[in-house]
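Inspection log for the structure reproduced underneath, given as structure tokens.
Laboratory data are not the source of any read-out in this text; all were calculated from the coordinates shown. Since the model is a prediction, treat every value here as computed from it, not as a measurement. Virtual Cβ from ideal backbone geometry, glycine too; neighbours counted across all protein chains shown.
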Amino acid sequence: MIILVGGEKGGSGKSCLAQNIAVYLRAERDATVLMVDCDPQRTTSDWIQERNNNKRDLPNINCVQLYGKIRNELLSLRNHYDFVVIDCGGQDNLALRSSMAVADNILIPLRPKRRDLKTVPHMEDLVSTCKMVNPKMNVAFVITQCPSLPSLASRIIEAKEVCRSFEIPVLNSVTFSRNMYDDSEELGLSVMENEPDGKAAWEIRSIVDELFARGRGETYDIRQFEEKIAVGQS
């Protein structure tokens with residue numbers, strides 16, 4: 001299965017999300033995982049290097065760098081791993097379009113900010129184009145780096161409403177702005193490894209489970225998470 005984390009807007013946490021998804025699949029689902037870094041900034045490649053230098057006994061995750069027209073390479077790699085997780089940079093380029101043409105699941109992270117939400121119409125057009133060659137893709141927006149103050153909860157709801165006005169669904173699950181994500185990344189860790197029972201770990205598990213449930217046509221029960229948003233206890 002190929003999972004793409006990509007989008008037009010930089011700074012929305014694509015690399016962080018891709019890295020944590022890869023570890024979740026490798027460590028908690030006991031799957032073979034390959035990460036593909038398509039971002040010239042090499043964020044995920046650098047994270048893998050930090051991970052390899054970490055003295056803890058961590059589950060191994062392989063990583064390759066691919067750029068440009070990578071469709072054929074991805075189709076070949078999927079035959080050797082349970083999951084191929086792609087981290088694309090924040091721009092519309094050949095790597096993003098090539099990945100969309102073959103990905104089974106696609107996550108498009110957006111922060112609840114106006115400049116991120118302005119990219120939604122273009123992403124809808126891009127997804128529509130790629131669906132002509134990949135009609136079975138399971139694609140969704142996910143709101144990331146949300147503010148945790150109760151007084152700002154309306155921003156999350158408004159961001160989801162903007163996404164829902166277009167053809168691409170938006171996950172109920174979100175990530176909040178937490179130091180745990182940055183602290184873990186600096187050590188080459190995932191939030192599940194750094195704090196297995198923490199709130200950030202719960203967010204990653206929720207995102208993956210909901211995305212896969214949507215792909216199977218199932219309803220994902222997110223009521224407890226929505227209640228946390230409402231009362232500001234996230």
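In the set Pro147, Pro135, only one residue is surrounded by 13 or more Cβ atoms within 10 Å (Cβ to Cβ) and more than 16 Å from the chain's Cα centre (by Cα); that residue is Pro147. Quick check on the range 76-95. Is at least one of its residues among the basic types (Lys, Arg) and surrounded by fewer than 16 Cβ atoms within 10 Å (Cβ to Cβ)? No; the residues of the range 76-95 include none that is among the basic types (Lys, Arg) and surrounded by fewer than 16 Cβ atoms within 10 Å (Cβ to Cβ). Looking at the structure I just gave you, is Phe166 in a strand (DSSP E or B) and without any contact (Cβ under 8 Å) to a residue 60 or more places away in the chain? Criteria not met by Phe166.
Could you tell me which residue of the range 183-208 is surrounded by the most Cβ atoms within 10 Å (Cβ to Cβ), considering only residues that are touching a residue at least 12 places away in the same chain (Cβ under 8 Å) and acidic (Asp, Glu)? Among those that are touching a residue at least 12 places away in the same chain (Cβ under 8 Å) and acidic (Asp, Glu), it is Glu203.
If you go through the range 127-142 one residue at a time, do you hit one that is in a helix (DSSP H, G or I) and of a type in the set (A, V, I, L, M)? There is at least one residue in the range 127-142 that is in a helix (DSSP H, G or I) and of a type in the set (A, V, I, L, M). If you go through the range 85-120 and pick out every residue that is over 15 Å from Leu17 (Cβ atoms), of a type in the set (S, T, N, Q) and either assigned to a helix (DSSP H, G or I) or under 10 Å from the mean Cα position of the chain (by Cα) (or both), you end up with 1.
This table checks each residue for (1) surrounded by 24 or more Cβ atoms within 10 Å (Cβ to Cβ); (2) under 15 Å from Asn93 (Cα atoms); (3) within 14 Å of the chain's Cα centre (by Cα).
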residue	(1), (2), (3)
Gly6	yes, yes, yes
Cys16	yes, no, yes
Gln19	yes, no, yes
Ala22	yes, no, yes
Arg29	no, no, no
Thr32	no, no, no
Arg42	no, no, no
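Listed here are the residues, each with its yes/no results for (1) within 18 Å of Leu77 (Cβ to Cβ); (2) of a type in the set (Val, Ile, Thr); (3) touching a strand residue (DSSP E or B) at 6+ places or on another chain (Cβ under 9 Å).
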{"position": "Met1", "(1), (2), (3)": "yes, no, yes"}
{"position": "Leu4", "(1), (2), (3)": "yes, no, yes"}
{"position": "Lys9", "(1), (2), (3)": "no, no, yes"}
{"position": "Ser12", "(1), (2), (3)": "no, no, yes"}
{"position": "Pro40", "(1), (2), (3)": "no, no, yes"}
{"position": "Asn54", "(1), (2), (3)": "no, no, no"}
{"position": "Cys63", "(1), (2), (3)": "yes, no, yes"}
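When Asp46 is tested against (1) of a type outside the set (Ser, Thr, Tyr); (2) within 14 Å of the chain's Cα centre (by Cα); (3) farther than 30 Å from Ser128 by Cβ, exactly one condition is not met: (2).
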